[in-house]
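Q: My questions all concern the structure below.
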Amino acid sequence: MTDIFSPLSRRGLIGAGLGVGAGLLLPDGALAASTPRRGGRIRVASLSSSTADTLDPAKGALSTDYVRHYMLYNGLTEMGGDLIARPALAERIVSNDQTTWHVRLRKGVTFHDGATLTAQDVVWSLMRHKDPAVGSKLATIAEQFAEVRAAGKQDVVIRLIGPNADLPAILAQSHFLILRAGTKDFRTANGTGPYRLAQFRPGVRTLVRRNPNYWKSGKAWLDEIELIGIPDEVSRVNALLSGDVHLVIAVNPRSTKRIMASRGHGLLETPSSLYTNLIMRQDQLPTGNPHFVAAMKYLIDRPLIKRALYRGYATIANDQPIPPFHPYYRADLPQTSLDLDKARWHLQRAGLTGVRLPVYASPAADGSVDMASIMQEYGSRVGLNLAVNRVPADGYWSTHWMKHPLGFGNTNPRPTADLLFSLFYKSDAAWNESGWKNPRFDRLLLEARGEADQGRRKQLYGEMQGLVRAHCGVGIPVFISLIDGYDRRLKGLRPVSLGGLMGYQFAEHVWWEG
């Protein structure tokens, strides 16, 4: 039987996150060097906000949404800094076959309106993701829910269409946070989370106040949090340094010296699996030619990109999406490096020497314009004439992403290898960026999803990494570190590699020493 709350299965079940935290860089003075205390009010600036801001977890699409939802709601499970799924609203989740899961709910949990959490709330919250009218961002993942039913007031049975050992990690995603059954009005929020909604003005601000009846003993610590969006990075950093806000997400590496020069401010660096990648469509020419793909991968100067574009806040990658600090990372794959002779040879074999080829880049895909320029320079040395087409960030993802033979993408961290491969590399995935189709990869993915033995899972994911590196039409130069800036009076911050601001979950963990 698989039980996510036994020490053994904690090591084994949520393999995607196992050990990830071991290599993380901890913020100076931000860990629990002091005793948590109650009180205080902080302002936090996220990356963006708009009139599309939502209180519905299913529809969350921006970092501001994710932060807001974790303040107001809880999931059945939650991810810590080690990225291991742990109990939250669920007291226990067990399965014999990774297909049928039995959930026992924690007793004594109440919603903000005083109603008691029951199995019906969980059933309703999970099944609504399968309703097309809801527009859930994880509707494709929810397709795995063959049945979710109450087996008592505190018990839920989740039956999947096939085995998936990662279900507890999936249930920790913000989209699957639990609502009161029948919730229709999302102008307000009625969750079980650490804070209650005081004001919500989409595109302007969210104000929350501490939930005095929170089911976690002692938490949360702050009295109030105001969340705003400041899209411009320079303005965001200026707001931090001037004291207008106390915590900001997504600091550009170019701004790190300014923040470090301030005695009252610090940086939280989180190595992550975030990457900007070169996309070579396999269903178009000439990018579908395997020799062209190989030539382009030999034209990537990874150390230069790490040093010049990210000021060292990055980890060298190897054209597959699992980072070196991941427990499923395959370390024995040869590292692809800049090699102009090999690039020239493959280009000649592809019959593309002297060809002029456009490559689309945009500020929307972080660093892609500079990456394209670097590759243009190296390409000119081997007979490839790359024409860099810089297009605006606005509309890039709908107009250009995956539309051209050669362009760039940008992929956020995902909690499990299965989610990452399923969303971006499976042959029928909607976001299969390069249009790559590999039946062997697809079979391995399904086998790994249902495999409970961690040694075998690592072997399967290792073979998939080798297939992607050797054959898929993506070039991944580096994994980009996440950088947050904070007021040093704010305590309790630590890196969670799922995203900035402690994987968007800082609210219930931090306290103020002002």
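The values are calculated or read from the model by the stated rules, or taken from the named source; none is laboratory data. Since this is a predicted model, take the numbers as computed values, not measurements. Cβ coordinates were reconstructed from backbone atoms using ideal geometry, including for glycine residues, and neighbour counts include every protein chain displayed. Ligands, DNA and RNA are excluded from the accessible area calculation, which covers all protein heavy atoms including side chains. Shrake-Rupley method; radii C 1.70, N 1.55, O 1.52, S 1.80 Å.
Q: Treating each Cα of the range 148-204 as an identical point scatterer and ignoring solvent, apply the Debye formula and state log10 I(q)/I(0) at q = 0.28, 0.30 Å⁻¹.
A: The Debye formula, applied to the Cα set alone, gives -1.33, -1.36.
Q: Considering the options Gly81, Trp401, Phe479, tell which one lies farthest towards the positive end of the dipole of the chain, charges being +1 on Lys and Arg and -1 on Asp and Glu at the Cβ, about the Cα centre.
A: So the residue we want is Gly81.
Q: Can you give me the Cα centroid spacing of the range 196-251 and the range 311-373 in angstrom?
A: 38 Å
Q: Could you calculate the contour length gain from Asn385 to His102, that is, 0.36 nm times the residue separation minus the distance between their Cα atoms, to one decimal place in nm?
A: 96.1 nm
Q: Would you mind listing how long the range 373-419 runs along its three principal axes, going by Cα atoms, in whole Å with the largest first?
A: Principal axes ranked by extent give 40, 26, 16 Å for the Cα atoms.
Q: Using a 1.4 Å probe, how large is the accessible area of Leu278, given in Å² and rounded to the nearest 10?
A: 0 Å²
Q: Given an 8 Å cut-off on Cα distances and at least 6 residues of separation, report the relative contact order of the chain as a percent.
A: Rounded, it is 23 percent for the chain.
Q: Can you list the lysines whose alpha carbon is less than 29 Å from that of Lys306, not counting same-chain residues fewer than 8 positions off?
A: Lys257, Lys297, Lys342, Lys403, Lys426, Lys458
Q: Continuing with this model, one more query. If you plug each phi of the range 104-109 into the Karplus form 6.51 cos²θ - 1.76 cosθ + 1.60 with θ = phi - 60°, what whole-Hz ³J(HN,Hα) values come out, in order, with x for Gly and Pro?
A: Result, ordered by residue: 9, 7, 5, 8, x, 8 Hz.
Q: So how exposed is Arg106, as accessible area in Å² (1.4 Å probe, rounded to 10)?
A: My reading of the accessible area for Arg106 is about 60 Å².
Q: Another question, then. Considering the options His291, His246, Leu105, tell which one lies farthest towards the positive end of the dipole of the chain, charges being +1 on Lys and Arg and -1 on Asp and Glu at the Cβ, about the Cα centre.
A: It is His246, whose Cα lies furthest towards the positive end.
Q: Mind checking the per residue accessible area of the chain for me, 1.4 Å probe, whole number of Å²?
A: That works out to 39 Å² for each residue.
Q: Separate question: Using only Cα atoms, what is the ratio of the radius of gyration of the range 228-356 to 2.2 N^0.38 Å?
A: Rg over 2.2 N^0.38 Å, computed on Cα atoms: 1.41.
Q: Let me spell out the model: positive unit charges on the Cβ of Lys and Arg, negative unit charges on the Cβ of Asp and Glu, origin at the Cα centre of the chain. What dipole size does that give, in debye rounded to 20?
A: My answer is approximately 600 debye.
Q: Top to bottom by accessible area (1.4 Å), largest first, where do Asp341, Asp185 land?
A: Reading off the accessible areas and sorting them downward yields Asp341, Asp185.
Q: Related question: Once you order the gyration tensor axes a ≥ b ≥ c over the Cα atoms, which shape class does the range 360-497 get: rounded for a/c under 1.5, otherwise prolate or oblate by comparing a/b with b/c?
A: Taking the square roots of the gyration eigenvalues as a ≥ b ≥ c, the range 360-497 is oblate.
Q: Identify all aspartates and glutamates with a Cα-Cα distance to Lys437 below 14 Å; exclude those on the same chain that are fewer than 8 residues away in sequence.
A: In chain and number order, the partners are Asp283, Asp428.
Q: Let me ask something else about it. How big is the range 452-514 along each principal axis, measuring the range of its Cα positions in Å and listing the largest first?
A: 54, 31, 13
Q: Dipole size in debye (nearest 20) for the range 185-261 around its Cα centre, Lys and Arg Cβ +1, Asp and Glu Cβ -1?
A: With Lys and Arg at +1 and Asp and Glu at -1, about 160 debye.
Q: Quick check: convex hull of the Cα atoms in the range 277-419, volume per residue, rounded to a whole Å³?
A: With only Cα atoms used, the range 277-419 gives 122 Å³ per residue.
Q: Can you send over the solvent-accessible area of Asp487, 1.4 Å probe, protein chains only, in Å² to the nearest 10?
A: Surface accessible to solvent at Asp487 totals approximately 10 Å².
Q: Follow-up question, since we're still on this one. What would the Debye formula give as log10 I(q)/I(0) at q = 0.19 Å⁻¹ for the alpha-carbon point model of the range 45-93, no solvent?
A: -0.70
Q: Still on this structure: If each DSSP helix of 4+ residues adds -39,500 (n - 2.57) and the sum is divided by the residues in the chain, what number results at 222 nm, nearest 500 deg cm²/dmol?
A: -6500 deg cm²/dmol
Q: Relative contact order, percent, of the range 402-514 when contacts are C-alpha pairs under 8 Å separated by at least 6 residues?
A: The normalised contact order for the range 402-514 reaches 18 percent.
Q: While we're looking at this one, here's another question. Multiply the residue separation of Met260 and Thr188 by 0.36 nm, subtract the distance between their alpha-carbon atoms, and state the gained length in nm to one decimal.
A: Value of the extension gain: 22.1 nm.
Q: Rounded to a whole number, what is D in µm²/s for the chain from Stokes-Einstein with the Kirkwood radius over alpha-carbon pairs (4 °C, 1.567 mPa s)?
A: Value of D from the Cα-based Kirkwood radius: 54 µm²/s.
Q: Can you work out the Karplus-derived ³J(HN,Hα) for every residue in the range 275-288? Use 6.51 cos²θ - 1.76 cosθ + 1.60 with θ = phi - 60°, whole Hz, and x for glycine or proline.
A: In residue order, the calculated couplings are 8, 9, 10, 7, 10, 10, 4, 7, 9, 9, 10, x, 5, x Hz.
Q: For the range 37-130, what size does the Cα cloud have along each of its three principal axes, sorted from largest down, in whole Å?
A: For the range 37-130, the Cα extents along the three principal axes come out at 44, 37, 33 Å.
Q: Further question: Name the residues whose placed amide hydrogens come within less than 5 Å of the amide hydrogen of Gly229, ignoring near sequence neighbours (fewer than 5 apart) on the same chain.
A: Correct list: Ser46.
Q: Determine the share of the chain's accessible area contributed by carbon and sulfur atoms, expressed in whole percent, with a 1.4 angstrom probe.
A: Ligands and nucleic acids excluded, carbon and sulfur reach 50 percent.
Q: Continuing with this model, one more query. For the range 110-119, take each phi angle, set θ = phi - 60°, evaluate the Karplus expression 6.51 cos²θ - 1.76 cosθ + 1.60, and give the result in whole Hz per residue in order, putting x for glycine and proline.
A: For the range 110-119, the Karplus-derived couplings read 10, 6, 4, 8, x, 5, 7, 5, 9, 4 Hz, x marking Gly and Pro.
Q: Arrange the residues Val44, Val204 by how much accessible surface each exposes, largest first, with a 1.4 angstrom probe.
A: Greatest to least solvent exposure: Val204, Val44.
Q: Working with all protein chains in place, sort Ser373, Ser174 by solvent-accessible area computed with a 1.4 Å probe, largest first.
A: Of Ser373, Ser174, the descending order of accessible area is Ser373, Ser174.
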